[in-house]
Amino acid sequence: MKGYLGIDIGSISTKGVVIDENLNIVASEYLWTEGDPMGAVKRLLKVLENQLADSHINIVSVGTTGSARKLIGVMTNASVVKNEITAHAVGTTTLHPDVNTIFEIGGQDSKIIIIENGYVVDYAMNTLCAAGTGSFLSSQAHRLGVSVEEFGEIALRSKHPTNIAARCTVFAESDLVHKAQIGHSKEDIIAGLCKAVVMNYLNNIGKGKKFNPPIVFQGGVSKNVGVKKAFEDAVGHEVIVDKNGHLMGAFGVAVLAKNSGIEKDFSFDVADIKFRTTGFDCPKCANHCEIVCVFKDDKLIDSWGNKCDNGAVKIN
Amino acid sequence: MNKEIIACFPQWGSYSCAFRYLFENGFGVKYMTPPPITKHTLEIGSKNSPDFVCVPFKYCLGCHIEALQNGANCLMQIYGSCRLNYYGELEEKILRDMGYEFKFFNMAEINFRSPKSIINNLKIINPNISLIKVATAIPTTIDIIKTIDKIEDYIRKNAGFQVKENELENIFSEFKQKLDHTTNRKQYKKLKKEYLKKLKSVQIDKPKNPIRVGLVGDYYTVQEPFSNYFMEKELEKMGIEVYREMNLTNSIIKSKYKKSRKYGKKYAKFNIGATANYTVAEALKYAKNSLDGIIQVKSFGCTPEINAQTILQNISSDYKIPILHFSFDSQTSETGIKTRLEAFYDMLSAKKRG
């Protein structure tokens, strides 16, 4: 049976999903990128290969998304390389055809996607600042000595969430320290943080937008029940968290790979092939473009980063 | 100072050709076309600017430093009704503190109601200025600006559909190069005729109903391609017909400000600063003409455009037209911009198909 692989390589985590022709998820994995997208994808492919060992799935097409989509697209010979906004929208509308609003908070970015009748009609993404995203929550969890996984449960125990400045991570952090020192309980502070993340999100990303239900909340932070509850309190509607919400980008791009109709050779052996990237500053003009070259077994297979033809690297 | 005067105005779209004509044939001084903006320009500009100043200032300052290093000795700055009004004063101070020697023509210091003030200030550029020469050069300069705007408008709407890649752009840059050698109206007229014809003869294969996107934004960011990360070019490459109302013709020569205020009255009753009323009116016009989407580009911290931003959201929901907002500073990631643009394109094309 034909299978389609979707890979979503984010700044913090790498997600992989294999779907069959009926869009069922037959294998999936979520692991940390650890600053090494190629290494993470290799580990990912090993896991997926093991999960598929007894099935008769033959992967005919690969799609990649996320901030390292281009690099991994070259590495896996992908048919589709798509931005994460479209990938998430496609993934969510496939599983929840009636969805009208998608909240998404990832490791370093957050976005909102507004959908009408199955089509994206508006979206916004955080711009200059990563305040109120997953990395902020995990660093604060670390400060408070709790693991980010138990964060949500602790937040739910609070009856009076502490007010924490939500505008800026740096202010939020000093506010948090202050509140802890004057005696607020850990639960209340954690619940306050969840609230702060939501307020920050709604004020920055969601400003001026209408949140019509059904609302789906996804991305890594959606696993945090405290944030989910804070969202529900703030918008006054139920917020749906799909059990595969953290995989939605990968699922979406797998669907896109299937819909593209393009089939390309793929083998799990890429996990064993040596890939290497090098970067250099092009010296040919004052733009100093940072050019990246990708090598497969020491053979140059692709390069990018140049603004003009002077910086183009010849591929033999 | 008996040294030859070499004037330079910061890089601003394609207008150097027109400024060169005015300076050399009107003011009677040599003009240096500023070197094209690169990352280096922005780096030295940012390094010597206050951190929180809007990014067009950093570009202008960087341009001026590069010009001074290349031998320019007469700089100038325009004025406006926002922080732009202080650009000149601040730039001059910074550059003098850096130890450069130059003449500075700051338009913010001119009292435009007093002919004496105008003439005295013009004399900063050239003490022996001939007003007759200036008066003769101005109509041609205006005409050059109009032609540049007309051609750029044509390119924006057609570049995405040309049969041979970059043909229009190549003809335009050839035109600009030749324009740099014209000394009188007759030469220019001939050149204009020849190149308009050439442009029109480029083969265009445009589908019946292409995706159409309108650009709005702060005065500098929307007009200087480097500062908006060549957004027009990116959109054209996707096969989009691009609209941009803001240019020198519409803002200064035809001065559509009052008209814009009136046109956008329903959405912005008051003056919301700088060119933000234009932004509102342009966006409204795009919406009324049923364009598929609007993109607002602005420099980070541009207050007038922040005023406009919330108003644009009303236009967006009234006319059901998606608006994408970009806020640029000196360290904006290009990848992030591409991701958002791609998604915008996906959204518009899915809507169009659906």
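Read-outs throughout are calculated quantities, based only on the coordinates presented, and are distinct from any laboratory measurement. The model shown is predicted, which means the values in this text are computed figures rather than measured ones. Cβ sites come from the backbone with ideal geometry, for glycine too, and all protein chains shown count toward neighbours.
Values computed for the structure shown
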{"read-out": "Karplus (6.51, -1.76, 1.60) ³J(HN,Hα), θ = phi - 60°, over segment A:214-221, in Hz, Gly and Pro reported as x", "value": "x, 10, 10, 10, 9, x, x, 5"}
{"read-out": "Leading residue at positive end of dipole, chain B (Cβ point charges), from B:Gly301, B:Ala287, B:Gly62", "value": "B:Ala287"}
{"read-out": "Residue among A:Ala40, A:Ala286, A:Ala27 with the largest mean-square fluctuation in a Gaussian network model of chain A, springs linking Cα atoms under 10 Å", "value": "A:Ala286"}
{"read-out": "Using alpha-carbon coordinates, inclination of helix B:303-319 to the longest axis of chain B, degrees", "value": "30 degrees"}
{"read-out": "More than 20 Å apart - percent of Cα-Cα pairs taken over segment A:61-126", "value": "34 percent"}
{"read-out": "Principal axis dimensions, largest first and in whole angstrom, of segment A:1-98 by Cα", "value": "35, 33, 21"}
{"read-out": "Expected-Rg normalisation [2.2 N^0.38 Å, Cα atoms] applied to segment A:98-241", "value": "1.01"}
{"read-out": "Beta bridge orientation in chain B: antiparallel %, DSSP, nearest 5", "value": "5 percent"}
{"read-out": "DSSP-defined beta bridges in the protein assembly as shown - what % are antiparallel, rounded to 5", "value": "50 percent"}
{"read-out": "Cross-link pairs beyond the 32 Å C-alpha cut-off, checked among A:Lys274/B:Lys237; A:Lys82/A:Lys207; B:Lys186/B:Lys258; A:Lys296/B:Lys176", "value": "A:Lys274/B:Lys237; B:Lys186/B:Lys258; A:Lys296/B:Lys176"}
{"read-out": "Kyte-Doolittle mean at least -0.5 and Cα axial length at least 24 Å: DSSP H helices in chain A", "value": "A:186-204"}
{"read-out": "Kirkwood hydrodynamic radius of chain B, from inverse mean 1/r over distinct Cα pairs, in Å", "value": "21.4 Å"}
{"read-out": "Once the Cα gyration tensor of segment B:6-129 is diagonalised, semi-axes √(5λ) in Å", "value": "22, 17, 13"}
{"read-out": "Per-q log10 I(q)/I(0), segment B:207-354, q = 0.09, 0.12, 0.17 Å⁻¹ (Debye; single scatterer per alpha-carbon; no solvent)", "value": "-0.25, -0.46, -0.94"}
{"read-out": "Under-5 Å amide H pairs with A:Lys2, H placed in peptide plane, nonlocal only", "value": "A:Glu21, A:Asn58"}
{"read-out": "Relative contact order %, segment A:98-241, counting alpha carbon pairs below 8 Å whose residues are six or more apart", "value": "30 percent"}
{"read-out": "Percent of Cα pairs exceeding the 38 Å cut-off, where the set is the protein assembly as shown", "value": "43 percent"}
{"read-out": "J(HN,Hα) series, segment B:150-161, from Karplus relation 6.51 cos²θ - 1.76 cosθ + 1.60, nearest Hz, glycine and proline x", "value": "5, 5, 4, 4, 5, 5, 4, 7, 10, 4, x, 10"}
{"read-out": "Charge context of B:Lys30, other residues only, Cβ under 10 angstrom, K/R +1, D/E -1", "value": "-1"}
{"read-out": "Fewest-first sequence of B:Ile6, B:Ile315 by Cβ atoms within 10 Å of each Cβ", "value": "B:Ile6, B:Ile315"}
{"read-out": "Spatial extent of segment B:224-291: Rg and Dmax, with the Cα atoms as the point set, Å", "value": "13.3, 38"}
{"read-out": "Most mobile listed residue (A:Val216, A:Val197, A:Val121) in chain A, GNM with C-alpha springs under 10 Å", "value": "A:Val121"}
{"read-out": "Alpha-carbon Rg with Dmax, taken over chain A, Å", "value": "21.0, 66"}
{"read-out": "Set B:Lys30/B:Lys116; B:Lys298/B:Lys338; B:Lys192/B:Lys233; A:Lys42/B:Lys338 screened for pairs whose C-alpha atoms are more than 18 Å apart", "value": "B:Lys30/B:Lys116; B:Lys192/B:Lys233; A:Lys42/B:Lys338"}
{"read-out": "Sorted largest first, extent of segment B:263-312 alpha carbons per principal axis (Å)", "value": "29, 22, 15"}
{"read-out": "Aspartates and glutamates with Cα under 16 Å of A:Lys229, excluding same-chain neighbours fewer than 8 positions away", "value": "A:Glu104, A:Glu149, A:Glu150, A:Glu153, A:Glu187, A:Asp188, A:Glu238, A:Asp242"}
{"read-out": "Gyration tensor verdict on segment B:154-214 (Cα atoms; rounded if a/c is under 1.5, prolate if a/b is larger than b/c, oblate otherwise)", "value": "prolate"}
{"read-out": "B:Glu4/B:Lys47 FRET efficiency (R0 30 Å; Cβ-Cβ; nearest 0.05)", "value": "0.50"}
{"read-out": "Principal axis dimensions, largest first and in whole angstrom, of segment A:157-202 by Cα", "value": "26, 21, 10"}
{"read-out": "Estimated vicinal HN-Hα couplings, Hz - segment B:222-233 in sequence order (Karplus 6.51, -1.76, 1.60; Gly, Pro = x)", "value": "6, 9, 9, x, 4, 6, 10, 6, 6, 4, 4, 4"}
{"read-out": "Net +/- balance of residues flanking A:Gly6 in space, Cβ distance below 10 Å, scoring K and R +1, D and E -1", "value": "+2"}
{"read-out": "Most fluctuating residue given options B:Asn166, B:Asn307, B:Asn209, as computed from a GNM of chain B linking Cα atoms under 10 Å", "value": "B:Asn209"}
